[in-house]
Amino acid sequence: MSERETWATRAGFILAAVGSAVGLGNIWQFPFKTAQFGGASFLVVYLIAVFGIGLPAILAEFVIGRRAKLNAVSAFGNLGYRQWRFVGALGLFTGFWILSYYSVVGGWVIRYIWGSATGAYFTDSAAYFGAVSAGLDAVALHAVFMFLCIFIVALGIEDGIEKATKVMVPSIVVILLGLAAYGTTLSGAGAGYDYFLSPDFGALMSNIGDIVPFAVGQAFFSLSLGMGAMITYASYIDGEDSLVADGSTIVVLNTFVGVLAGFVVFPLLFAQGIDPNTSGPGAVFVSIAGAFANIPAGRAVGVVFFLVVLIAALSSAISLLEVVTSYIIDNYDVGRAPTATAIGVGLFLLGLPSAFDTAWLGWFDTLAYQLLLPVSVLLVLVFVGWILGGEALSEVMKGSSLGDGFGTTWLWMVRVVVILAVLGTLALGIQTLFLGSEPAIVPPL
Ligand code: PHE
């Protein structure tokens, strides 16, 4: 087997991890959920979830990856706990599951770049979404999106993922900043900022039972946790720099992009008097696209907006494809390119139900969010906190100038606080999945 690849630079690792984290979760889900659950007051809950739970958890994944220097499954064996490899396998499965429909949504985004250029959705954005979101068009573009992922992953860590994300991540930030600046020029934008940023504690308190699990789940999804992605990316780290510093940078940048996306989305909607409370997988496409129909230079703004969504979705999707690819090439004597291609074809097939019917897409998503992700994160935390224990502590402290007290606090956070928080989230998720009035777990046939 040839020598295992590594990132060329520390910044390369950080940018790739930010690329994985910043995706549809930030640009679409985050601003809308913030608005729906009470604006600035939700933001506070989310920030607590991100820094109190997400950051300790991302460090846990980094510890496994960098210490073992192997893919998300074999890493557990390499650390001396072969029987824990099932945790990695669950992460791998979860990543595979999620990428199958993430790619379908990626296909819609490609379609909307084109639709913006031609103004195809300008007359009736809801009808347009209905026509292109499911069926043969969606299947074809799902294939195109998957092909782009395969292409980047096949090129490898340094030449593919690192080079691609080095361009992608800065362009996401620059384009969003440009769009946010454009947003300030729209009349009526002020109402959008208000909606996004003014706290509504009444809405927060009356929904707190829904909000907390959502905020935690959103933190996991957005930070790409529970899917082996961060374990895999950390396994390509060559140096001994501080994981705490890298992890904090990644978490801060990811949150920044989410907030920035809010500054793009809400002025656009409010300038058009569109109610942002139309949720569901199609909302970004219907309501935002609807706004582009009427604003000055709407076509150009639409192309740029959907282009940045595409870049963000791609840099996330490649991290998921890499998880599985890395597992296969670490364990079998096969090349990177054929492996990525074969997995991509499998993903394309698994995504077909989602491409033919958005109800299936919703079902795949619900199952991932409420069940697979929290279970997978929980097991990783138990492993790092209680099984690796002191070994994890010394890995997390390497290269860090923080005192030992920090490491011990982190370990006990993982052992108790974070694990309990995830258990709570999981309980609520399972309750809505299996015990709700219409259990979401029933597949849409
Ligand atoms: N974090 C990505 C997002 O916010 C999604 C993702 C999840 C990517 C898991 C990779 C792994 O859209």
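Using only helices, what value at 222 nm comes out for the chain when you add -39,500 (n - 2.57) per DSSP H run of length 4 or more and divide by the total residues, to the nearest 500 deg cm²/dmol?
Per the formula, -22000 deg cm²/dmol.
Compute the Cα gyration tensor for the chain, then decide on rounded, prolate or oblate, letting a ≥ b ≥ c be the square roots of its eigenvalues: rounded whenever a/c is under 1.5, prolate when a/b is larger than b/c in the other cases, and oblate in all that remain.
prolate
Could you run the Debye sum over the Cα atoms of the stretch 1-137, one equal point scatterer each and no solvent, and tell me log10 of I(q)/I(0) at q = 0.09 Å⁻¹, two decimals?
Treating every Cα as an identical point scatterer, log10 I(q)/I(0) equals -0.46.
So, with +1 on the Cβ of K and R and -1 on the Cβ of D and E, and no other charges, what is the size of the charge dipole of the stretch 10-435 about its Cα centre, to the nearest 20 debye?
160 debye
Output the peptides 342-354, 103-115, 225-237 sorted from most to least packed, where packing is the average of other Cβ atoms within 10 Å over each peptide's residues.
Values: 342-354: 19.4, 103-115: 24.9, 225-237: 28.4.
Result, highest mean first: 225-237, 103-115, 342-354.
So between ASN331 and TRP412, what do we pick up on full extension, going 0.36 nm a residue minus the alpha carbon distance?
Stretched out fully, the ASN331 to TRP412 stretch lengthens by 25.8 nm.
If packing is taken as the mean number of other Cβ atoms within 10 Å per residue, what is the order of 27-35, 308-316, highest first?
For the peptides 27-35, 308-316, the packing ranking is 308-316, 27-35.
Let a ≥ b ≥ c be the square roots of the eigenvalues of the Cα gyration tensor of the stretch 233-279; is it rounded (a/c under 1.5), or, if not, prolate (a/b larger than b/c) or oblate? Can you show the working numbers first?
Values: a/c = 5.29, a/b = 3.76, b/c = 1.41.
Prolate, because a/c is 1.5 or more and a/b exceeds b/c.
For LEU420 and ARG299, calculate 0.36 nm times their separation in residues minus their Cα-Cα distance, and state this gained length in nm to one decimal. Display every interim value, and only then the final one.
Details: separation 121, 0.36 × 121 = 43.56 nm, distance 4.78 nm.
That pair, LEU420 and ARG299, stretches by 38.8 nm at full extension.
Counting Lys and Arg as +1 and Asp and Glu as -1, each charge on the Cβ, what is the dipole of the stretch 125-265 about the Cα centre in debye, to the nearest 20?
Values: 2 positive and 11 negative charges, 74 e Å.
That gives a dipole near 360 debye.
How much area per residue is accessible in the stretch 276-393 when the probe is 1.4 Å and only protein heavy atoms are counted (Å²)? Write down the numbers at each step before the final one.
Values: 3730 Å² over 118 residues.
Ligands and nucleic acids excluded, the result is 32 Å² per residue.
Which FRET efficiency value, to the nearest 0.05, is calculated for THR185 and VAL44 with the Förster distance at 41 angstrom and r the Cβ-Cβ distance?
Details: r = 29 Å, r/R0 = 0.72.
In this case the efficiency is close to 0.90.
With helices defined as uninterrupted DSSP H runs, which ones in the chain have an alpha carbon span along their own long axis of at least 15 Å and mean Kyte-Doolittle hydropathy of at least 1.0? Kindly include the intermediate steps, with their values, before the conclusion.
Values: long enough: 10-21 (17 Å, 1.37); 55-68 (20 Å, 1.04); 85-118 (50 Å, 0.94); 136-155 (29 Å, 2.50); 163-184 (33 Å, 1.40); 208-222 (20 Å, 1.28); 243-271 (42 Å, 1.98); 298-331 (50 Å, 1.71); 336-350 (21 Å, 1.33); 419-430 (16 Å, 2.54).
Helices meeting the span and hydropathy rule in the chain are 10-21, 55-68, 136-155, 163-184, 208-222, 243-271, 298-331, 336-350, 419-430.
Quote to one decimal, in nm, the extra length available between TRP386 and ILE208 on full extension: 0.36 nm per residue of separation minus the C-alpha distance between them.
On the way: separation 178, 0.36 × 178 = 64.08 nm, distance 3.03 nm.
Length gained between TRP386 and ILE208: 61.1 nm.
Specify which residue in the list VAL139, MET230, TYR128 is farthest towards the positive end of the charge dipole of the chain, using unit charges on the beta carbon of Lys, Arg (+1) and Asp, Glu (-1), about the Cα centre.
Checked the options; the winner is MET230.
Tell me, what % of the accessible area of the stretch 1-147 is carbon and sulfur with a 1.4 angstrom probe?
66 percent
How much accessible surface does GLU5 have with a 1.4 Å probe, in Å² rounded to 10?
Near enough 60 Å² of accessible area.
The values are calculated or read from the model by the stated rules, or taken from the named source; none is laboratory data. Computed from a predicted structure; not experimentally measured. Please note: Cβ atoms are built from the backbone with ideal geometry, for glycine as well, and neighbour counts cover all protein chains shown. Only protein heavy atoms, including side chains, enter the accessible area calculation; ligands, DNA and RNA are left aside. Shrake-Rupley method; radii C 1.70, N 1.55, O 1.52, S 1.80 Å.
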